[in-house]
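To start, the structure under review is shown below, and the notes come after it.
Rule-based calculations on the coordinates, nothing more; no lab input. Note that the coordinates shown come from a computational prediction; the quantities given were computed from them, not determined experimentally. Every residue, glycine as well, gets a Cβ built from its backbone with ideal geometry; the counts of neighbours run over all protein chains shown.
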Amino acid sequence: MSHQPGSSRTKLSRMCIVCLLMMATLLGIAGCRSPERESNSAAEVGLGEAPDPVVPANPIPMAPPRLWLFETETDTAEPAEFTGYGGKWSIDRRYPSPRYYQSLCHEPSQTSVSSPYEVEKGRQRKGDIAIADGAYFANVDLSAYVALSALTPGASAGLAFSVRAGDDLYLGRISADDQRAELLRIRPRATATIASGSFDLGAGQWHLLRVRAFGGEVELFIDDVSVARGSTEVIPTGMVGLWVSGSTAACFDEVAAAPR
């Protein structure tokens, strides 16, 4: 009878040890499963199918300041550091910019003249675009010299930023219609005007376009004069590029982008 209390304590200690081992095993199983659950959730928040170009879902390092000149590239060749979607994008010596001998020009194709360039699943790229390879920015200062070859109805060209797909981007553009300058938010099913203004636009004349975006504030300059300024939601990280309406012939040069 004198040994019964010690025996009870021994049994109780063993039961506690067993319970602790079971809890440790369960925690280990849960820990092994957590990476799989995280990877699944990361896949679920990806961009999914969208028209080219598309931003990767993984975190993207911001690009350093960039300057693109087209002087060393072969005349009539495709640009070395831009990828074009829609129409024909090529180096052209026939249209020198104010300070250089050749520029990057866009010529409309038959598909882009009739309607916006169609892509999979019924979505449309809103205009033709040339994306700067590997240039990702959130807040950005983007500029380029731009010239419209002719002031035909619907002709417009400009600078695209926060590009996440061919129909998901922000745009600062000049338009032959009513001599307008506009800041636009383009989405798959809608286009919203952030701000707009007017200026004198001439066929074949070069204009220095500049877009400055920080947080939800965005401003468009033409020849160093502010012509449109507005607010929108916080602008996400995306690519930068050159944009034209599908039927427009236009040229670009001295393209510069820098983080703000």
Response to the item:
Once both label points are put 7 Å beyond Cα along the C-beta direction, the residue 258-residue 233 separation in nm becomes 3.0
Worksheet item: How much net charge surrounds residue 74 when only the other residues with a Cβ under 12 Å from the Cβ of residue 74 are counted, with Lys and Arg +1 and Asp and Glu -1?
Response: -4
Discussion item. If I model a spin label as a point 7 Å beyond the Cα along the Cα-Cβ vector, how far apart are those points for residue 205 and residue 62 in nm?
Written reply: 3.6
Discussion item. Would any residue of segment 130-147 have its amide N under 18 Å from a label point 7 Å out along Cα→Cβ of residue 100? List them or say none.
Written reply: 130-135, 141-147
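Could you list 245, 175 in order of exposure, starting from the residue whose Cβ has the fewest other Cβ atoms within 10 Å?
175, 245
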Response to the item:
At 20 °C and 1.002 mPa s, the Stokes-Einstein diffusion coefficient in µm²/s for segment 128-207, with hydrodynamic radius from the Kirkwood sum on alpha carbon pairs, is 159
Worksheet, complete the sentence: Residues other than residue 159 with Cβ under 9 Å of its Cβ, Lys/Arg counted +1 and Asp/Glu -1, net out at +2
Practice prompt. Just name one of 239, 227, 250: the one whose Cα is farthest towards the positive end of the charge dipole of segment 215-260 (beta-carbon charges, Lys/Arg +1, Asp/Glu -1).
Written response: 239
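Can you put 60, 235, 174 in order of Cβ neighbours within 10 angstrom, beginning with the fewest?
Least crowded to most crowded, the residues run 60, 235, 174.
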Worksheet item: So what's the convex hull volume per residue for the Cα atoms of segment 150-260, in Å³?
Response: 100
Worksheet item: Using 7 Å Cα-to-Cβ label points, what is the residue 72/residue 225 separation (nm, one decimal)?
Response: 3.7
Discussion item. Whole-Hz ³J(HN,Hα) for each residue in segment 212-217, computed from phi via Karplus 6.51 cos²θ - 1.76 cosθ + 1.60 with θ = phi - 60°, x for glycine and proline: what do you get?
Written reply: 10, 10, 8, x, x, 9
Discussion item. 5 Å is the cut-off here: which amide hydrogens, built 1.01 Å from N in the peptide plane, fall below it relative to residue 85, excluding neighbours closer than 5 in sequence?
Written reply: 129, 130, 131
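Highest first, please rank the peptides 209-221, 152-164 by the mean number of other Cβ atoms sitting within 10 Å of their residues. Could the numbers behind the result be given before it?
On the way: 209-221: 19.6, 152-164: 21.2.
Peptide ranking by packing, descending: 152-164, 209-221.
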Worksheet entry | Per-residue HN-Hα couplings for segment 135-151 [Karplus 6.51, -1.76, 1.60; θ = phi - 60°; Hz; x = Gly/Pro] | 9, 10, 9, 9, 7, 9, 10, 10, 8, 5, 7, 9, 9, 8, 5, 8, 8
Worksheet, complete the sentence: Checked segment 66-259 with the C-alpha gyration tensor, a ≥ b ≥ c its square-rooted eigenvalues, rounded below a/c of 1.5, otherwise prolate if a/b is larger than b/c and oblate if not; verdict rounded
Practice prompt. Mind jotting down the three principal axis lengths of segment 182-247 based on Cα atoms? Whole angstrom, largest first.
Written response: 33, 27, 20
